[in-house]
1. Rounded to the nearest percent, how much of the accessible area of the chain (1.4 Å probe, protein heavy atoms only) is carbon and sulfur?
2. Name the long-range amide H neighbours of residue 27: under 5 Å, sequence gap of 5 or more, or other chain; modelled H, no Pro or chain starts.
3. Working with all protein chains in place, sort 121, 72 by solvent-accessible area computed with a 1.4 Å probe, largest first.
4. Checking the a/c ratio against 1.5 first, then a/b against b/c, what shape does the Cα gyration tensor give for the range 25-87?
5. Assign unit charges at the C-beta atoms only (+1 for Lys and Arg, -1 for Asp and Glu), then state the dipole size of the chain relative to its Cα centre in Debye, rounded to the nearest 20.
6. Work out the charge dipole of the range 44-138 with +1 on the Cβ of Lys and Arg and -1 on the Cβ of Asp and Glu about the Cα centre, then indicate which of 91, 112, 138 is farthest towards its positive end.
7. Any chance you could give the angle, 0 to 90 degrees and rounded to 10, that helix 124-137 forms with the longest Cα principal axis of the chain?
8. Can you give the extra length, in nm with one decimal, that the chain gains between residue 96 and residue 126 once fully stretched, where that is 0.36 nm per residue apart less the Cα-Cα distance?
Amino acid sequence: MTEPDCIFCRIVAGEIPCHRLYEDDRVLAFLDIGPLSEGHCLIIPNAHYATIDQMPGDLVAACTSLIPRLSKALIAVTNAPGWNVLQNNGAVAGQAVDHVHFHLIPRHGGDGLGYRWPAGKLDTDRATELVAAIQAEL
Ligand code: AMP
Ligand code: ZN
């Protein structure tokens, strides 16, 4: 599955260059062109899916199973004491490229990166309703 106008499909096809870290028949990892920190990279499925809910689970697993190995390599090279795995779905969630991708972002103390996280408080009654509603959809 390829979308001719998708920049990541074009990277997979070799039509647009990238700094490849890893590739196999289902997965590609490459350096992010606009890194939030040194080593910031992306893991993508070779096939085009806009959002993660559309992907078969085994393809998500193929992408995510690379995370431990790639993380170890990134941490070895950058000496980052921590890192984020980030995966945005939909423009409202910050997704700019509509081809599923997992960010791996090395983090250092005082790097100024962050996420607004205005935590609320889980209401017990609402939680019961939510669990029933979500389980009914599973
Ligand atoms: P998101 O906001 O989650 O959709 O992130 C898209 C990411 O893709 C951004 O971090 C961009 O810097 C990155 N990106 C866009 N075009 C390219 C490209 N040609 N090569 C590498 N990374 C890219
Ligand atoms: Zn694509």
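1. Values: 5080 of 8950 Å².
So the carbon and sulfur contribution to the accessible surface is 57 percent.
2. HN-HN under 5 Å from residue 27: 46.
3. Numbers: 121 190, 72 150 Å².
Reading off the accessible areas and sorting them downward yields 121, 72.
4. Working: a/c = 2.23, a/b = 1.80, b/c = 1.24.
It comes out prolate by the Cα gyration axes.
5. Values: 9 positive and 16 negative charges, 104 e Å.
Using only the charged Cβ atoms, the result is roughly 500 debye.
6. Ranked along the dipole, the leading option is 112.
7. Tilt of helix 124-137: around 60 degrees.
8. Working: separation 30, 0.36 × 30 = 10.80 nm, distance 3.23 nm.
Contour length minus the Cα-Cα distance gives 7.6 nm.
The values are calculated or read from the model by the stated rules, or taken from the named source; none is laboratory data. Since this is a predicted model, take the numbers as computed values, not measurements. So basically every Cβ, Gly included, is an ideal-geometry build from the backbone, and we count neighbours across all protein chains shown. Accessible surface areas use protein heavy atoms only, side chains included; no ligands, DNA or RNA. Shrake-Rupley method; radii C 1.70, N 1.55, O 1.52, S 1.80 Å.
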